1. Which of the numbered conditions does residue 66 fail, given that it passes all the others? Conditions: (1) within 16 Å of the ligand (Cβ to nearest atom); (2) over 20 Å from the mean Cα position of the chain (by Cα); (3) touching a residue at least 60 places away in the same chain (Cβ under 8 Å); (4) more than 20 Å from residue 300 (Cα to Cα).
2. Residue 260 fails exactly one of the following numbered conditions: (1) within 16 Å of the ligand (Cβ to nearest atom); (2) in contact (Cβ under 8 Å) with a residue 40 or more places away in the chain; (3) out of contact with any strand residue (DSSP E or B) (no Cβ under 6 Å at 6 or more places or on another chain). What is the number of that condition?
3. What number goes with the only condition from (1) touching a Ser or Thr at 6+ places or on another chain (Cβ under 9 Å); (2) closer than 27 Å to residue 443 by Cβ; (3) of a type in the set (Val, Ile, Thr) that residue 122 does not pass?
4. Which of the strands (runs of 3 or more DSSP E) found entirely inside region 106-182 contain at least 2 residues meeting this: under 28 Å from residue 32 (Cα atoms) and modelled with pLDDT of 80 or more?
5. Can you tell me which residue in region 194-220 is farthest from the chain's Cα centre (by Cα), limited to those that are away from the ligand (no atom under 16 Å from the Cβ) and hydroxyl-bearing (Ser, Thr, Tyr)?
6. Looking only at region 41-91, which residues are over 28 Å from residue 21 (Cβ atoms), out of contact with any strand residue (DSSP E or B) (no Cβ under 9 Å at 6 or more places or on another chain) and among the hydrophobic types (A, V, I, L, M, F, W, C)?
7. Just name the residue that is farthest from the chain's Cα centre (by Cα) out of those in region 1-52 that are more than 16 Å from residue 106 (Cα to Cα) and of a type in the set (Phe, Trp, Tyr).
8. Restricting to region 1-27, give me the number of residues that are surrounded by 14 or more Cβ atoms within 10 Å (Cβ to Cβ), away from the ligand (no atom under 16 Å from the Cβ) and of a type in the set (Val, Ile, Thr).
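The values are calculated or read from the model by the stated rules, or taken from the named source; none is laboratory data. As the structure is a computational prediction, the values presented were derived from the model and not from experiment. No Cβ is skipped: glycine too gets one built from the backbone with ideal geometry, and neighbour counts run over all protein chains shown.
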Amino acid sequence: MLKLTNTLTRTTDVFAPADGATVRMYACGPTVYDFAHIGNFRSYVFEDVLRRHLRSKPWKLIHVMNITDIDDKIIRRSVELGIDIKTFTAPFTKAFFQDSEMLRIQRPDIITPATDYIPEMIVLVEQLLKSGHAYREGDSIYYRISSFPDYGRLSHLDKRELKVGARIDADEYEKEQPNDFVLWKGPKDEKEPRWTASFGTGRPGWHLECSAMAMKNLGNTLDIHCGGVDNIFPHHENEIAQSEAVSCQPFSRFWIHCEHLLVNNEKMSKSKGNFYTLRDLIEKGYNPLAIRYLLLSVQYRKQLNFTLEGLASAQASLDRIRECIFRMKSSALPEGCNPQLSAALSTAMAQFEAGLDDDLNTAQALGAIFVLIREINNALTESRLQVDNRNEILHWLSMVDDRLAIIPSDTQQSQDAPGNDAEVEALIAQRVAARKNRDFAESDRIRAKLNDIGILVEDTREGMKWRRK
Ligand SMILES: [Zn+2]
């Protein structure tokens, strides 16, 4: 039985889809004005583990994600650069998909840019105006939060703070102060993108897209809405207000939020020099799989302190898994099955499932793998592992890989330790060609691949150099 902690109720409850068959899940996606950082990716990796776990159950899953391709920051930067928002956001959208792939994050079933949902957003605003939940002020339309008695329920905002009629224009705001928020913004600058609606020309506020996209694809009530804790207020609170005022039904049954990521025990910030995009880390030679491992090694509801030492020990854990698989595959084993090892495998399987079912406790699930690895290594040393044990263990590890996507792919590499020179030279040549073509994504991919087989690449003035780690 899967249990999840619901931010709305503050309780940990058994989860099953409302109709018993299909999980309808919505996750807030990236704002594509820059490369995503590892804090963003903690949320996406958590959602990926949740997605994979839900898919292991006898349910179908429809997982929807938006891509915010219009908001204050995007408009400001594209106007500064003198290009339209599509041209500005396209490379960042592409980078998001490439980064996600490097982290082995599966694509949501439906993932669409916000600007593809303008007609649906316009209809929502019309409905909110009609029912008195929205009002016009100048060229913009605002949501009247005093019209929605449940406002603040998700974030437990103190209602006494509610200031009737205080309005906020910005797409994002951090103040724990509920304000009427903007649904539709009249253009302030000639160069701003705009759409025509019955209530005036303008563009949607940020919060609107998730309500429109979620309800269009998943119906009025979702089973799960997830995101990072920083989305709880105001974004998710506003999504609830918009959606429920129109549908008169609960917007989502479960709200699941991933905690913050700290770097060196501090909030990530460019000025502190502890700000990492995925690309920064790969450029430094770190393995994307080790990054994924570190991001999911702590249960999603706990703060995760990301450090380069932590990354090194994540890599060491991956090496232990790889080494164990290699030893198993390369050892000559007697036929048959050792019941002791079968029992150890059954325990690991049960602990793994129990961990993930317990509010996605990934730390427990990983722990179960390493207890088994210790048993296997001891059994190999003492010649107790038999052919059938190996087969069932390898089979289980491939299932673990479906679920957590952390089993190193090149399990054979230590055989010819690691990668022969010709192989490495061929990859280096491909990377040189990629860089010549300014295909930096491909160049990064090859660097990651080389890193996976234990090769470090350095770009020097004399050209590309490589060495074994
Ligand atoms: Zn959202």
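1. The one condition residue 66 does not meet is (2).
2. (1)
3. The single condition residue 122 does not satisfy is (2).
4. Details: elements: 110-113, 134-137, 140-143.
Because the criterion is at least 2 residues that are under 28 Å from residue 32 (Cα atoms) and modelled with pLDDT of 80 or more, the strands (runs of 3 or more DSSP E) in region 106-182 that meet it are 110-113, 140-143.
5. Residue satisfying both the conditions and the ranking: 198.
6. 79, 81, 83, 85, 88, 90
7. The qualifying residue farthest from the chain's Cα centre (by Cα) is 15.
8. Number satisfying all stated conditions: 3.
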